[in-house]
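Undergrad: The structure under discussion is supplied below as structure tokens; questions concerning it will follow.
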Amino acid sequence: MDADFMMQIIIANPWFAYSLVGFGAILAAIILWRAKNGDAVSLFGLNVQSNSQLKVLEKDLEKLNEDSKQKSYVITSLNKLASEVSRVMTEPESRAAFEDQRRRIYNYLLSCVVAVMAGKKANNPKVCIFVDAGDGTLKVHEAAAHSPDGMRKLRLPISDSAAGYTFHTGEAFFSGEIHTPGNRFKVHPKAESTYHSLICVPIKSGDRVIGVLSVTGDETRSYTSDEKNYLTAFASVLSPLLYMELYRKIPV
């Protein structure tokens, strides 16, 4: 059937042309409506898909890629830390050598934790390692992103704080909005900044809690259970070194 023959039919029967145009318009409208709602539509070899659906898939793929990179970074960091902690416990020849290596380990550990937790630009994670001050409070042993003056002065009551709860019970504290009613978190009267997310995990030697590793986040729901698990892994790797420091099993 050639084009001239089709034109003769259309001229002789204009209603046929109107029907074809109407059918084409309806079909196009259906295809566009389905594509707009995220359906993939195929007609005569032509595939039509919503841009919004493609964008969702692209975002999901991007997130999976970021999660994979984060997990790889955490595993590499933990392996390096475990190696360094083992070495400082078995090889230091003097107290000076121990203190030098200890400082380097803490610098690396704290920078790794900040890097892992800084998923959002406005999150500004602050990391603290708390230990028992011996007077019913916890004091800062090491920290990152805190002011020097704040680190010196900060004391948290073991009986009435999120970190104290973790230290006393050995259970992690995990909240995406610490200011909700009934939350265990208490605002410190001398706090210099306001944050909304908090994770506290115990640092243990066997069943004994010897410290608390905590991280804050300025944004609400800053962290997921993945970040809590990462923080727990960092606390486990740190445990032998902290035990060595607190109980003075270090070179003289």
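The values are calculated or read from the model by the stated rules, or taken from the named source; none is laboratory data. Since we're looking at a predicted model, the values are computed, not measured. Backbone-built Cβ (ideal geometry, glycine too); neighbour counts: all protein chains shown. Side chains included, ligands, DNA and RNA excluded: accessible areas come from the protein's heavy atoms. Shrake-Rupley method; radii C 1.70, N 1.55, O 1.52, S 1.80 Å.
Undergrad: What does the accessible area of Lys228 come to, in Å² to the nearest 10, when a probe of 1.4 Å is used?
TA: 60
Undergrad: Let me ask something else about it. I'd like the FRET efficiency for Tyr73 and Asp135, computed as 1/(1 + (r/R0)^6) with the beta carbon distance as r and R0 of 35 Å, rounded to 0.05.
TA: Calculated transfer efficiency: 0.35.
Undergrad: Using the Karplus curve 6.51 cos²θ - 1.76 cosθ + 1.60 with θ = phi - 60°, work out ³J(HN,Hα) for each residue of region 127-134 in order, rounded to whole Hz, and write x for Gly and Pro.
TA: Coupling constants for region 127-134: 10, 9, 10, 9, 9, 5, 7, x Hz.
Undergrad: With each label point set 7 Å from Cα along the Cα-Cβ vector, what nm distance links Val114 and Ala82?
TA: 2.6
Undergrad: Follow-up. Could you state the accessible area per residue of region 55-247 in Å², with a 1.4 Å probe and every protein chain left in place?
TA: Details: 10480 Å² over 193 residues.
Roughly 54 Å² per residue, with all protein chains present.
Undergrad: Take the residue pairs Lys69/Lys153; Lys80/Lys120; Lys71/Lys204; Lys71/Lys153; Lys69/Lys139 and return only those whose Cα atoms are more than 29 Å apart.
TA: Lys69/Lys153; Lys71/Lys153; Lys69/Lys139
Undergrad: For Asp218 and Ala25 in the same chain, what is the full-extension length gain: residue separation times 0.36 nm, less their Cα-Cα distance, in nm?
TA: 64.2 nm
Undergrad: What is the sum of charges, Lys and Arg at +1 and Asp and Glu at -1, for the other residues whose Cβ falls under 9 Å from the Cβ of Val215?
TA: Values: positive: Lys126; negative: Glu227.
Summing Lys/Arg as +1 and Asp/Glu as -1 gives 0.
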